[in-house]
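Scroll down for the structure; my scribbles are underneath it.
We did not get these values from a lab; they are worked out from the coordinates using the rules stated. Keep in mind that what you see is a predicted model, and the values were worked out from it rather than measured. Cβ atoms come from the backbone with ideal geometry, glycine included; neighbour counts cover every protein chain shown.
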Amino acid sequence: MVGVAFAGGAGVSALAQQAAAPAAANLFQEQAGKLGARKCASLYAALGQGMTQGAAYTLKTETSKEAPDAHIVQGMVGMAYNLPDLKGPAGGILLATPMPQGCEGYMVRVAPFQKTCAEVLRLLPAGSVEEQRLSGVPQYRLGGNQGQALVIPSGSTCVVVTLTGMAQRQ
């Protein structure tokens, strides 16, 4: 059995409105807590805040109903960016799982840019380097220990898939 918390859509709840506000309460931590997944709520929140920085978003969080602190907490996020270099929709997935000594988690963000990949590469954090090609798709190690990215050409635009992992020790 899976527990679900949802916030989003036009007028669905006050939580959705908070998510779009600049100084929003931490919706990620709030939803994990409501489902009883308190052990990994802080890590889940840190990953979620990093993923959604600069975006209005809607979040759906799920975990086990029977033992939420013993199972993975997962979130699906729909985002709307209105930044100088990124405008439009994006999506992401958050995962945080309890471990014997704390929690580990990952976030995956898929962001389509209305720019060529050559232009997008200039937006990567300083110190980013291409590590390899995976079936022709460039994989970058992002500068500042910010994770990894796949930079995928799509016609005259570019899709960036970002992967970031974190751990929380208790």
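Residue-wise, which Karplus ³J(HN,Hα) couplings in Hz belong to region 156-166, taking 6.51 cos²θ - 1.76 cosθ + 1.60, θ = phi - 60°, and x for glycine or proline?
Ordered by residue, 3J(HN,Hα) equals 8, 10, 9, 10, 10, 9, 9, 10, 9, x, 9 Hz.
Which percent of Cα pairs goes in each bin when the distances of region 2-169 are cut into 5 angstrom slices starting at zero?
Calculated over all Cα pairs of region 2-169, the distribution is 2, 9, 17, 20, 18, 15, 11, 7, 2, 0 percent.
With 10 angstrom as the radius, rank M99, M51 by how many other C-beta atoms surround their C-beta, starting from the fewest.
Ascending number of Cβ neighbours within 10 Å: M99, M51.
Take region 65-115, compute every pairwise Cα distance, and split them into 5 Å bins from 0; I just need the percent in each bin.
5, 18, 20, 16, 13, 10, 8, 7, 2, 0
About the Cα centre of the chain, how large is the charge dipole given +1 on each Lys and Arg Cβ and -1 on each Asp and Glu Cβ? Please answer in debye to the nearest 20.
Using only the charged Cβ atoms, the result is roughly 60 debye.
Between I93 and V129, what length in nm is gained on full extension when 0.36 nm per residue of separation is reduced by their alpha carbon distance?
Result: 10.5 nm gained on full extension.
If I fit a long axis through the Cα atoms of helix 41-52 and take the longest principal axis of the Cα atoms of the chain, what angle between them do I get, 0 to 90°, rounded to 10?
30 degrees
Can you put L43, L86 in order of Cβ neighbours within 10 angstrom, beginning with the fewest?
Working: L43 24, L86 19.
Least to most surrounded, the residues fall as L86, L43.
Sort 55-63, 133-141, 114-122 by packing, meaning the average of other beta carbons within 10 Å per residue, with the highest value first.
55-63, 114-122, 133-141
Through the Karplus equation 6.51 cos²θ - 1.76 cosθ + 1.60, θ set to phi - 60°, convert the phi angles of region 84-93 into ³J(HN,Hα) values in whole Hz; use x for Gly and Pro.
x, 9, 8, 10, x, x, 8, x, x, 10
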